[in-house]
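Heads up: the structure comes next, in structure tokens.
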Amino acid sequence: MSATMVMPTTATVQASQRVSTEPVSSEPRVKLWTCDDFCKMSELGLFRGKRAVLLSGEIYEMAGQGNWHSVAVGKGLLALQTAFRHPQFWVRPQLPLELQDGTSEPEPDLAVVAGSPDDYSRHPSTALLVVEVSDSSLAMDRRTKTPYYAAAKIPEYWIVNLQDRHLEVHRDPILEAEIPWQPQGPPLARYATVYQVKADESITPVVAPGILIAVTDLFPARPPGDTF
């Protein structure tokens, strides 16, 4: 899935019910939204029928999901729920993570967090493992989202690459500043280890050394002659 940035309308600004106390400037400036703003907009139905994510105060509207993307999310959910058992783990499908900067709320296709749903009064701020299923969104999943997951100190990030039919593994998050979150723009963080695993191989998650997951279980079974 690809993404486009959403430019909120005047009605959106009014709906957020926020009053600025900053001095009025003649210079135009970008309005950055908080997680609380974003939540209020969602409650008001401004994203109804759409899938939007908030990154560093900017709202991105994601493209609709194709069939193969949906199938891969479903298969990944089954595979992770088998590997990460309740109540020690909660596998969250396409639900938000509310990151520590207060202006970023990505929505990974799959996220494994510790504990059970009743342990959370707010969206989790981190995870043990996040997974993005990538077709047209591959560039965004590789470049845009990676520093956010690294800054959240998520030990492992997987990209299920439907285009090339392999798993891209990101491990060992590194913060490139004591406080990686910036006033504007992506955080200063990255993963030190990045490699690929073929679809006919298996992988053991960093946080679960006793678990072995067949990578093919994360991909749709491709009909003969079909492409993603």
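The numbers here are math on the coordinates, done by the rules we state, and not lab data. None of these values were measured; they are calculated from a predicted model. Cβ: placed from backbone, ideal geometry, glycine included. Neighbour counts: every protein chain shown.
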ask   = Any idea how many residues of the range 93-130 are without any contact (Cβ under 8 Å) to a residue 24 or more places away in the chain and crowded, with 22+ Cβ neighbours inside 10 Å?
value = 1
note = Taking the range 132-185 and the residues there that are assigned to a helix (DSSP H, G or I) and not aliphatic (A, V, I, L, M), the one that is surrounded by the most Cβ atoms within 10 Å (Cβ to Cβ) would be Y149
ask   = Restricting attention to the range 61-80, which residues are out of contact with any strand residue (DSSP E or B) (no Cβ under 6 Å at 6 or more places or on another chain), not polar (S, T, N, Q) and not in a helix (DSSP H, G or I)?
value = A63, G64, G66
ask   = Looking at the range 39-60, which of the residues that are surrounded by 17 or more Cβ atoms within 10 Å (Cβ to Cβ) and in a loop (DSSP other than H, G, I, E, B) is farthest from the chain's Cα centre (by Cα)?
value = L46
ask   = Just to be sure, is V71 of a type in the set (V, I, T), more than 14 Å from the chain's Cα centre (by Cα) and surrounded by 14 or more Cβ atoms within 10 Å (Cβ to Cβ)?
value = yes
